[in-house]
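Below: the structure, in structure tokens.
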Amino acid sequence: MARSWLLALSSRLADRRAPGSPRLNADGTVDTAFNPGANGAVYCVAIQPDGKILVGGSFTILAGQACTRLGRLNPDGTLDGTFSAPANGAVYCLALQTDGQILAGGSFTSLGGETCNRLGRLQQTAASTQVSGQTQITRSIA
């Protein structure tokens, strides 16, 4: 089975315009069939075990639908309507925990309707009540 790679922060790739988060085919060419179209910067992506793609950034539209700075795409690039975790500031980094929860870091003070300062932990579909606060903008989680 061929693998694909998803890149964040790329606007040109392989001498072609590749807005948003281009996906690469196994041979390194841009997968032109994959274009979820964010209307703002994409800073991070994380691929879940089921193939769904978490996308964080400063966008308010993803895959043609309203999606505020954090969204989840189906493997075909359509927006996953079962996931809703809007952020009131940019999402700069994402990490997946082994228990399926999602860590998000950025310049937000609210994530998924919950107050959390710059670092939050999400369950698969909604913000959990377990959130951690940071005093600085979080730009990476590893």
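Among the residues of the range 25-45, which ones are free of Cβ contacts under 8 Å to residues at least 40 places away in the same chain and among the polar types (S, T, N, Q)?
ASN25, THR29, THR32, ASN39
Consider PHE34 carefully, then state whether it is at pLDDT 90 or above, surrounded by 16 or more Cβ atoms within 10 Å (Cβ to Cβ) and assigned to a loop (DSSP other than H, G, I, E, B).
no
For the range 107-120, what are the residues that are open to solvent by 10 Å² or more (accessible area, probe 1.4 Å), out of contact with any Lys or Arg (no Cβ under 8 Å at 6 or more places or on another chain) and within 14 Å of GLY56 (Cβ to Cβ)?
Listed by number, the residues that qualify are GLY112, ARG118, LEU119.
Being in a strand (DSSP E or B) and either open to solvent by 60 Å² or more (accessible area, probe 1.4 Å) or in contact with an Asp or Glu (Cβ under 7 Å, 6 or more places away or on another chain) (or both) is the filter here, so list the residues in the range 37-52 that pass it.
Once the filter is applied, which keeps residues that are in a strand (DSSP E or B) and either open to solvent by 60 Å² or more (accessible area, probe 1.4 Å) or in contact with an Asp or Glu (Cβ under 7 Å, 6 or more places away or on another chain) (or both), the range 37-52 yields TYR43, ILE47.
Of the residues ILE61, ILE102, which is in contact with a Cys (Cβ under 8 Å, 6 or more places away or on another chain) and either modelled with pLDDT under 95 or within 15 Å of PRO36 (Cα to Cα) (or both)?
ILE61
I'd like the full set of residues that are within 18 Å of SER107 (Cβ to Cβ) and in contact with a Phe, Trp or Tyr (Cβ under 9 Å, 6 or more places away or on another chain), limited to the range 56-85.
Passing the criteria: GLY56, GLY57, SER58, CYS67, THR68, ARG69, LEU70, GLY71.
The values are calculated or read from the model by the stated rules, or taken from the named source; none is laboratory data. Quantities reported herein were computed from a predicted structural model and do not represent experimental measurements. All Cβ positions, glycine included, derive from the backbone under ideal geometry; neighbour counts span all protein chains shown. SASA here: full protein model, heavy atoms, side chains in, ligands and nucleic acids out. Shrake-Rupley method; radii C 1.70, N 1.55, O 1.52, S 1.80 Å.
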